[in-house]
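Only one structure is covered here, and it is reproduced in the block below.
The values are calculated or read from the model by the stated rules, or taken from the named source; none is laboratory data. All figures in this text were calculated on a predicted structure; none of them were measured in a lab. Please note: Cβ atoms are built from the backbone with ideal geometry, for glycine as well, and neighbour counts cover all protein chains shown. Remember, those area values only see protein heavy atoms, side chains included, never the ligands or the DNA or RNA. Shrake-Rupley method; radii C 1.70, N 1.55, O 1.52, S 1.80 Å.
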Amino acid sequence: RNIFKVKKSNAEQSKRMEKEEKLFREMFMYDKEINVISTAIAEHSVPSMRRVDLPITAGEQLEVIDATEGATVICRNSEGRYGYVLVEHLNFR
């Protein structure tokens, strides 16, 4: 019985991730293939100031998708949400 719940939650999570990716592509006009170029740990908790910013919590692991001009990178969190994060808030070990 628990096996079916796990499969159902994985299907729901996969559906949510696809939705987040679609929103990301539309909002950022991102037509490249999404590849993880690095991983980083958030050093500080930072709320999002704009819709395109990714809110982060201290200790959260993020996947870096793309570097931008300036001091920001595009990241994805464990929930599949995408957004800009300032490099100064990240630790690339």
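Taking a quarter of the surface of the convex hull around the Cα atoms of the stretch 50-93, what do you get in nm²?
Working: hull surface 12.6 nm².
Reported value for the Cα convex hull: 3.2 nm².
Note on Asn91 and Asn10: their simple-model spin labels are 3.2 nm apart, each label 7 Å out from Cα toward Cβ. Put simply, the C-alpha atoms of the stretch 8-92 give a gyration tensor, and the ellipsoid matching it has half-axes of 20, 15, 12 Å, longest first. Of the solvent-accessible surface of the chain, computed with a 1.4 Å probe and all protein chains present, 51% belongs to carbon and sulfur. Based on Cα contacts under 8 Å between residues 6+ apart, the chain shows a relative contact order of 26 percent.
With all protein chains kept in place, the per residue accessible area of the chain amounts to 73 square angstrom at a probe of 1.4 angstrom. Here is how the number arises for the chain: DSSP H runs of 4 or more residues each give -39500 (n - 2.57), the sum is divided by the residue count, and the result at 222 nm is -10500 deg cm²/dmol. Using only side-chain charges placed at the Cβ, +1 for Lys and Arg and -1 for Asp and Glu, the dipole size of the chain relative to its Cα centre rounds to 700 debye.
Applying a DSSP loop filter and a limit of 12 other Cβ atoms within 10 Å to the chymotrypsin sites (Phe, Trp or Tyr not before Pro) in the stretch 6-93 leaves Phe92. Axis of helix 2-28 versus longest Cα principal axis of the chain: the two differ by about 30°, to the nearest ten degrees.
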